[in-house]
Amino acid sequence: MKKIYCATYEGIDAKVVQVESTLTKGLPSFSVVGMASASITEAKDRVKSALLSNEFSFPPKRITINLAPSDVKKEGSQFDLCIALLIALDNLKDDLSEWFVFGELGLDGVVKENIQLYPLLLSLANQKIIKKAIIPHESLQKLSNIPNIEFYGVKTLNEAIDLLKKTKEFVAQKNSSKLEYPSYSIDEQIYYFDNNYMDDFLDVKGQEIAKRAALISAAGFHNLLLEGSPGCGKSMIAQRLRYILPPLSNEEILDIAKLDALESKEPEFRALRSYRAPHHSSTSASIFGGGSFRAKIGEVGLAHRGILFFDELPHFSKGILEALREPLQDNKIRISRVNAKIEYPSDFLFVGAMNPCSCGNLLNQHVECRCSEVEIKRYKNRLSDPFLERIDLYVVMQHVNQNDKATISSKEMHEKVLEVHKRVKLRGQTNFSAKLSDSEVDRYCILTTEAQDTINRAVDRFALSFRSIKKIQKVSRTIADLDCSDTIEKRHVLEALSYRRRV
């Protein structure tokens, strides 16, 4: 019996599959066992054609391919090359169990690329259970971005056989691709950022309070809610926020590329955080993920390390808004199905935009609002207090004036965010200020006596909850960092309190 390794999905992570083969005497047959999907069962015809097309005689034996563990459902065309190699090399005495092999076979024996290989291999690399792999040559440049794996690219089945027989010399490719982005290094960790601002804050005229809140939001990864009349610039600010977010480490860039591949998009390996903006008519499954057998990732998971933007926030269903409280608080989402229960990270920056009322003219100085008090109250009540408690910064947009001017560019704002990022990392803080745990808040959010007295008075006056107090401290920490201050002072707390939602 010979064996070789491949992998399949278990949730959104990779599960190692041991591919075993036996060729025994008996009536000629070819079977694949081990909960194989239709795509793997169809591999029998592709493998047989590829072997016969390359001058291999298909053995007249009873061929059994086992995919272990047998209690995990396997799917994907990446098993083709494994199966073909085990049959072709049945007489080879060398041990093949050190190899991971991935590749779909054409009928002529050509090894084809599969976009799903990237998230599979990245997951295996993160689990530190793979050292070297045979992959399609077409995928070599893309997959070689994954560190700590020796990749051997093959174009045909014959090349893969030559590699394992050691009849030809093949050179491994290992983490050869370099990111061509501006970067800086802190404690031997390199951080990359993109300085091409496709959408610039220079396009946003006026709205100084909102732009200040956007800067604080980007620097500390604080959730932001913008309220204002239609056309005042809420969506413009949300779209431009993506380009001033903190830089990314190489591991974070690889994670974002993995999410692209899970969405069946070609990974770009850009030093730019993701931006997801689902429509308010989206279903719960599309937002959070779902599926009858294998729970697929949704918008919340795809926004990991980036922005999740909900425009027309009150028009999202009540169920979606309430379910969003979990990932906003815990930075992860759990999906439970009869056949699977999975958990995936959802550490994103949430940005919401809403009108002040149903008609949108409540704050408009020139157009009269058509809503009654009952309609306005009903509209506002679509957002529950527990949901709004998870919002760090609440801003009422200013009225648009023809004399409004651009005051700051995305480049200037991004430079301030980068300086804050450096300060945060140099003091040993691993998380963004908005994501600090309670113990980390006590460690890093050091307040002066005046600042602490201000928070105490605010607690008494506004009856703040424990969560609200912590959020004010976190926002104050980011404001202090923008002010290049090691301690949080009274003015920083007062500014943080100004972004509280007024009931």
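Taking the structure as given and computing Rg and Dmax of the Cα atoms in Å, which label from [x] 38.2, 120; [y] 27.5, 89; [z] 25.1, 85 fits? Among [x] 38.2, 120; [y] 27.5, 89; [z] 25.1, 85, the one calculated here is [y].
Remark on K112: its backbone amide H falls under 5 Å from those of E104, L105, G106, a criterion applied only to residues 5 or more positions apart or on other chains, H modelled at 1.01 Å from N.
Considering every Cα-Cα pair within region 436-503, what fraction, in whole percent, is farther apart than 16 Å? Show your work: numbers first, answer last.
Working: 890 of 2278 pairs.
I get 39 percent for the Cα pairs in region 436-503 exceeding 16 Å.
Each of the peptides 434-446, 476-488 was scored by the mean count of other Cβ atoms within 10 Å over its residues; in descending order, highest first, they stand as 476-488, 434-446.
Would you mind calculating the gained length between E373 and V396 on full extension (0.36 nm times residue separation, minus the Cα-Cα distance), in nm to one decimal? Numbers along the way, then the final one.
Details: separation 23, 0.36 × 23 = 8.28 nm, distance 1.89 nm.
Separation in residues times 0.36 nm, less the Cα-Cα distance, equals 6.4 nm.
The 3J(HN,Hα) values that the Karplus relation (6.51, -1.76, 1.60; θ = phi - 60°) gives for region 253-265 are, in residue order, 5, 5, 5, 5, 5, 4, 5, 4, 5, 5, 8, 6, 10 Hz. Gly and Pro appear as x. Computed 3J(HN,Hα) for region 445-451, one whole-Hz value per residue from the Karplus formula 6.51 cos²θ - 1.76 cosθ + 1.60 where θ = phi - 60°, is 8, 8, 9, 6, 4, 5, 5, glycine and proline marked x.
Quick one: Karplus J couplings for region 493-499, per residue in order, coefficients 6.51, -1.76, 1.60, θ = phi - 60°, nearest Hz, x for Gly and Pro? Listing the rounded values in order: 5, 4, 5, 4, 5, 5, 9 Hz.
Listed cross-link partners K142/K258; K142/K435; K332/K377; K15/K341 are compared with a 23 Å cut-off, the Cα-Cα value being larger for K142/K435; K332/K377. Restriction of the GluC sites (Glu not before Pro) in region 55-130 to DSSP coil positions whose beta-carbon has at most 12 other beta-carbons within 10 angstrom yields E55, E98.
Can you give the relative contact order of region 436-503 as a percent, counting alpha carbon pairs under 8 Å and 6+ residues apart? Display every interim value, and only then the final one.
Values: 59 pairs, mean separation 27.7, N = 68.
Dividing the mean separation by the residue count of region 436-503 yields 41 percent.
The share of Cα pairs per 5 Å bin across region 2-165, counted from zero up to the longest distance, runs 2, 9, 20, 24, 23, 14, 6, 2, 0, 0 percent. Less than 5 angstrom separates the built amide H of K296 from those of G290, G291, all sequence-distant by 5 or more or on a different chain.
Overall size of region 185-422 from C-alpha positions, given as principal axis extents largest first: 51, 46, 28 Å.
Applying a 10 Å radius around every beta-carbon, put 216-227, 157-168, 244-255 in order of their mean neighbour count, most first. Please list the in-between numbers first.
On the way: 216-227: 25.6, 157-168: 16.8, 244-255: 20.5.
The most tightly packed comes first, giving 216-227, 244-255, 157-168.
Taking other residues whose beta carbon is less than 9 angstrom from the beta carbon of K234, and scoring Lys, Arg as +1 and Asp, Glu as -1, yields -2.
Ratio of Rg to Rh for region 337-377: 1.39 [Cα atoms; Kirkwood radius as inverse mean 1/r over pairs]. Kirkwood hydrodynamic radius computed over region 305-462 comes to 19.7 Å, based on all pairs of distinct alpha carbons. Counted over all Cα-Cα pairs of region 102-205, pairs farther apart than 22 Å make up 47 percent. For the pair A38 and R457 in one chain, pulling the backbone fully straight at 0.36 nm per residue adds 144.3 nm over the alpha carbon distance. Largest first, the extents of the alpha carbon coordinates of region 35-76 on the three principal axes equal 35, 20, 11 Å. Across the chain, Cα pairs under 8 Å and at least six residues apart give a relative contact order of 13 percent.
Computed from the coordinates by the stated procedures, all read-outs in this text should not be read as laboratory data. A quick note: this is a predicted structure, and the numbers were derived from the prediction, not measured. Reconstructed Cβ throughout: ideal geometry from the backbone, glycine too, with neighbour counts over all protein chains shown.
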